[in-house]
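The values are calculated or read from the model by the stated rules, or taken from the named source; none is laboratory data. Just so it is clear, the structure is predicted and the values come from calculations on it, not from any experiment. A quick note on method: Cβ atoms are made from the backbone with ideal geometry, for glycine too, and the neighbour counts reach across all protein chains shown.
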2 protein chains.
Amino acid sequence: MDAIYKATVTAPVNIATLKYWGKRDVALNLPTNSSISVTLSQNDLRTTTTASASLLYTEDELYLNGSKEDVSSKRIQTLFRELRALRKAEEDKQTGSLVPLSKYYLRIVSENNFPTAAGLASSAAGFAALVKAVAELYQLPQSNEELSILARQGSGSACRSLFGGYVAWEMGSKADGSDSKAVQIAPYEHWPEMKAAILVVSAERKDTPSTSGMQLTVKTSSLFKERVNSVVPQRFEQMKKSILEKDFETFAHLTMADSNQFHATCLDSYPPIFYLNDVSRAAIRLVEDINKVAGEVVAAYTFDAGPNAVIYYLAQNEQLVLGPLRAALKNLPAWKEESHSHIQELMSDDFDKRWVNTLHSGIERIILTGVGQGPQLSTNSLIDKNGNLWGSSF
Amino acid sequence: MDAIYKATVTAPVNIATLKYWGKRDVALNLPTNSSISVTLSQNDLRTTTTASASLLYTEDELYLNGSKEDVSSKRIQTLFRELRALRKAEEDKQTGSLVPLSKYYLRIVSENNFPTAAGLASSAAGFAALVKAVAELYQLPQSNEELSILARQGSGSACRSLFGGYVAWEMGSKADGSDSKAVQIAPYEHWPEMKAAILVVSAERKDTPSTSGMQLTVKTSSLFKERVNSVVPQRFEQMKKSILEKDFETFAHLTMADSNQFHATCLDSYPPIFYLNDVSRAAIRLVEDINKVAGEVVAAYTFDAGPNAVIYYLAQNEQLVLGPLRAALKNLPAWKEESHSHIQELMSDDFDKRWVNTLHSGIERIILTGVGQGPQLSTNSLIDKNGNLWGSSF
């Protein structure tokens, strides 16, 4: 019987603190500005992907959360072609000693441990896991920086999920995108105290998909150029410095201001794009109240292309930040988890009840997580020794 | 018995189509950019002000909507002092032939025919009426342009309410503000077809007062400079041209884009300022649907420092614009007024029901009006021949 060659990895979600918004090249996913993100722990949010190759397979196949996906899209085809070319180069270098996997069809199975629809940057984890799993299957010598260039072509922000900790996506300047890649600013171990609370807003159909939204902003916002040319380059250096110096206050200020400015350029687009709604606004105001009550900046909000709030804070300020959230969102199951059952509700007249009430009725889920590691090898294969998908989850 | 000298005027509300946001001099109300507005009809929204002077009076007094107001504020004192100085100059020129009104105390009574709290720019109409009423009482020779410089010092946008039709506030460049004044771009008669529907959002406490909001934006928004230095000067010329050419499509596009950009700079402020809420956003989307269904731009939204939408349209497109509004807001009394009872509800699957439902539950009042004339002399005195306030409304 022909062998099934396989490798399994897990990859993390990342949430940008300096936002990626705007492509200078749509086909290659080249951005108009550099960006920065925090990689979140795979204990809470992860994509698991098994890549396999075999002479038994009769076509390239991709399964996401149990559904067979179309692999004919340009992005998927590009990744398959480029990964095979890298494997082929190794096969040619070591003539005869390597199984010619580059000529075999691929079967790739991928699963998220969180709902795709929750707007939690699942495509970033997904494309990072896909590239990393095939690279492991092919035993490629390329570094994560080099692999990030591939992942970027699947989904821009996926390049940042190739690393743990604190990650920059350097926009690069070359037309072919060969210098537009992710680099690690600092590993998880540098500043492991960073925590994140994700407030998932009750489902609302997404206003504008992010790819078309970005292009609308690039084309129509008269303030956008100022952002990418003048504001972001400065913030990029300031934010890297704040991470290296573990200066939470500066990091928080930049994170909040940059989220606001990204959404401001969305509003300056024509027709305007809105991702923040009244619930998002209430989350912003609650964070402001939390910081006011704490007497210092202990929490920072950020919003991607949707209404969900991500609130960053340090472990030592957990009670100051989560106490008010527990009071506002006491009905949610997250507080019953052992790791957060010790949080005491914290509420006083210093908190504006309007925001508390809006959050109470508008947030359906809270995910408590923190900074984490990059992609990991896993023994948890999603494909059995015969090349079949494990039945249980499908 | 000593005589009561008096004059009564009415003054209009104006709604900016190119927004005023940001002061380069707070004391003098000098703006960071020029702005443009449409003056609305006094048949629907007006302030009536009677100014009187008499030897019988023992202090300067100001009554607004039946309440005696403090006149010691710097803004009011400046207006009284400057208006008296202009009168004094006339008295000195025509020695002995003019009653020395500049030496008499003033009693000023002012009333709005709409709720002050509705966020309908009542201060603009109020200060315009105050300046114009005293100027009439004093028989001042100053032009409306000259008087607008005074009104501006009461409330910036008040200067634009000295004129009917289409009005520009030229920011000027002098440090003393003597060239920061309103001028008429075109009178009411040039383009009388312009109509406006004001959607009053159910009461919510105002997020940030506009004066402090402006200063926060000037100080903290990194995109604001680009707006005032590069974007607005160009839009100012384009919008004037669109008015002179009665080019509604260009006028509408600029009006919507400029409202969005003003709110974008609010969001780019730190901490961010929000005036638009989910109801405002629904109004924007409904206007977009109205234009899509019409197959051309027949309606333009604009928002001041609050959630209320003002929708401009031309009389010939009344059914296309008001039909969907009537369908969405059928419970409001405005449609029973004779002038709008002929509007037919217009709704189809081309309209997104999400916005329709949000508007239905979030709008408490609709005011149907249009472009109108500038301040008018009135015989409707609010002070009787003995200097007393007319009793009925107090």
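Would you call B:S348 of a type in the set (S, T, Y), within 27 Å of B:I198 (Cα to Cα) and in a loop (DSSP other than H, G, I, E, B)? So B:S348 passes the test. Residues in the range B:211-241 that are more than 14 Å from every other protein chain (Cβ to nearest Cβ), over 25 Å from A:F303 (Cβ atoms) and surrounded by 22 or more Cβ atoms within 10 Å (Cβ to Cβ): B:M239 only.
Listed here are the helices (runs of 4 or more DSSP H) enclosed by the range A:243-345 that have at least 1 residues being within 14 Å of chain B (Cβ to nearest Cβ) and in contact with a Pro (Cβ under 8 Å, 6 or more places away or on another chain): A:248-267, A:278-294.
Of the set (1) surrounded by fewer than 16 Cβ atoms within 10 Å (Cβ to Cβ); (2) of a type in the set (D, E); (3) over 24 Å from the mean Cα position of the chain (by Cα), all apply to B:D70 but (3). When B:V26, B:V13 are checked against the criterion of being within 29 Å of B:F303 (Cα to Cα), surrounded by 19 or more Cβ atoms within 10 Å (Cβ to Cβ) and of a type in the set (V, I, T), B:V13 stands alone in meeting it. Regarding the range A:50-58, can at least one residue be identified that is of a type in the set (A, V, I, L, M, F, W, C) and in a loop (DSSP other than H, G, I, E, B)? For the range A:50-58, residues of a type in the set (A, V, I, L, M, F, W, C) and in a loop (DSSP other than H, G, I, E, B): present. Looking at B:G306, B:G295, B:G374, just one residue is of a type in the set (G, A, S), at pLDDT 95 or above and within 30 Å of B:A133 (Cα to Cα), and that residue is B:G374.
Return yes or no: is A:S173 without any contact (Cβ under 8 Å) to a residue 12 or more places away in the chain and within 13 Å of chain B (Cβ to nearest Cβ)? So A:S173 does not fit the description; no.
With respect to A:A197, determine if the residue is crowded, with 22+ Cβ neighbours inside 10 Å, more than 12 Å from chain B (Cβ to nearest Cβ) and closer than 21 Å to A:S37 by Cβ. Considered against the rule, which asks whether it is crowded, with 22+ Cβ neighbours inside 10 Å, more than 12 Å from chain B (Cβ to nearest Cβ) and closer than 21 Å to A:S37 by Cβ, A:A197 comes out as yes.
Applying the condition of being of a type in the set (S, T, Y) and under 20 Å from the mean Cα position of the chain (by Cα) to the range A:95-142 and asking which residue is farthest from A:V13 (Cα to Cα) yields A:S110. Among the residues of the range B:213-242, those that are at pLDDT 95 or above, touching a Cys at 6+ places or on another chain (Cβ under 9 Å) and part of a helix (DSSP H, G or I) comprise B:L216, B:T217. Looking across the range B:248-271 at every residue that is among the acidic types (D, E) and under 19 Å from B:V310 (Cα atoms), the one that is surrounded by the fewest Cβ atoms within 10 Å (Cβ to Cβ) is identified as B:E249.
Residues that are under 30 Å from A:A282 (Cα atoms) and either surrounded by 17 or more Cβ atoms within 10 Å (Cβ to Cβ) or not acidic (D, E) (or both) within the range A:360-393 comprise A:H360, A:S361, A:G362, A:I363, A:R365, A:I366, A:I367, A:L368, A:T369, A:G370, A:V371, A:G372, listed in sequence order.
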